[in-house]
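A short write-up of the structure that comes next.
What follows draws every value from the coordinates through simple rules; no lab data is involved. All values derive from a computational prediction rather than experimental measurement. Please note: Cβ atoms are built from the backbone with ideal geometry, for glycine as well, and neighbour counts cover all protein chains shown.
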Amino acid sequence: MSDSTEECKAVSPACPVEATLYGYSPNLGGNAFYTVVFAVCALAQLYYATCRCFCRRRKDPGGGKNWTTYSVLTMVGCVGEACGYIGRLFLHKNPWNGAALPIQMVLLMVSPSFLAAALYTMLRPLVRHFGAEHCNRFVPARYWTWPLVTADLVGFFLQCGGGIVASMSERDPKFGSIGTAIMIFGVSFQAVVMAVAGLLVADFTLRVGRRHGADVFALLQRRLRIFLLAMTAALLLILTRCIYRIPEMAGGVGGPLMRQEAEFMIFDGLLILLAAVLQTVVHPDIFASDTQDSQTQVYELKTLLEG
């Protein structure tokens, strides 16, 4: 950004929108739509975390714990996304808004971390449901949730810190390159963690299929099958978004890919929106209630197959 625009506060002949960090005025309709959908998802998760999960835990003190954690993490992610797109709405009104720029940049960078962490909280109940003996001997069931959540939080703090540093690039360009490097490492680390989680799930699925037959999954309750497919899709959507963010960040703050609104709205906004909707509509409280039962279920299915 040139020195002549350092004092810009609003769009004018001397301060054109093309000279801003993004080089465009964010689309009003698209960003407003994303804001509303994420806000609705956040409210739905608040309902699940309070009215459903807490009520269920009153009846069964041991039940609903995983669902509550899942709901809270998904809700935080959706709130962060909604606030980030509110920031972009302020940028639509004034692309030179110095307060809205860093807020929306950081929130939209880090909020998907909470959605990913919510998915990780469901791994251990699913492993327990299908049988912990199917886990890889190098990664027992107790390492399937909180180590992944902890690693995800590391990526979160790296992206958050990098975003804060990068947002100061208007004051000093060197902050932009430093912050970008930190964000690239953070989002790459998050992508690696998600890839590891995906490989663990794939290995576990193959082990269950080999031991009990491929038809074991066809005999699952329809709602549980829908839940497994939805969570897999959400994981792939968030992972794809992380992969998109790597070259975007590699181009630097205000780089060519960062200045393409359509690509951002699709490969970041839409992918995370779909993941949030899947994690809200296909909620474990409704679609995976059997996973709260500590009894392994695959043996019942095996009996059905042999019969």
I need the phi-derived Karplus couplings for the range 261-274: 6.51 cos²θ - 1.76 cosθ + 1.60, θ = phi - 60°, integer Hz, Gly and Pro marked x. 5, 4, 4, 5, 5, 8, 7, 10, x, 5, 5, 6, 4, 5
Over the chain: helical MRE at 222 nm, DSSP H runs n ≥ 4 each giving -39500 (n - 2.57), nearest 500: -22000 deg cm²/dmol
Treating the angle as unsigned and between 0 and 90°, give the value, to the nearest 10°, between the Cα long axis of helix 173-212 and the longest Cα principal axis of the chain. 20
Through the Karplus equation 6.51 cos²θ - 1.76 cosθ + 1.60, θ set to phi - 60°, convert the phi angles of the range 281-286 into ³J(HN,Hα) values in whole Hz; use x for Gly and Pro. 5, 9, 7, x, 4, 9
Two-site FRET efficiency, I246 against L46, from Cβ-Cβ distance with R₀ of 41 Å, rounded to 0.05: 0.80
Output the relative contact order of the chain, whole-number percent, from Cα pairs under 8 angstrom with separation of 6+ residues. 21
Relative contact order, percent, the range 230-281 [alpha-carbon distance under 8 Å, six or more residues apart]: 54
Using alpha-carbon coordinates alone, the radius of gyration and Dmax of the chain in Å work out to 21.6, 79
Please list, ordered by chain and number, the residues whose modelled amide H lies under 5 Å from the amide H of L220; skip anything fewer than 5 residues away on the same chain. none
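Please get the size of the charge dipole for the chain, origin at its Cα centre, with Cβ charges of +1 on Lys and Arg and -1 on Asp and Glu, quoted in debye to the nearest 20.
1100
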Expected unfolding gain across A202-L28 under the 0.36 nm per residue rule, minus the alpha-carbon gap, is 58.6 nm
List the residues whose amide H sits under 5 Å from the amide H of H283, counting only those 5 or more places along or on another chain, with H placed 1.01 Å from N in the peptide plane. none
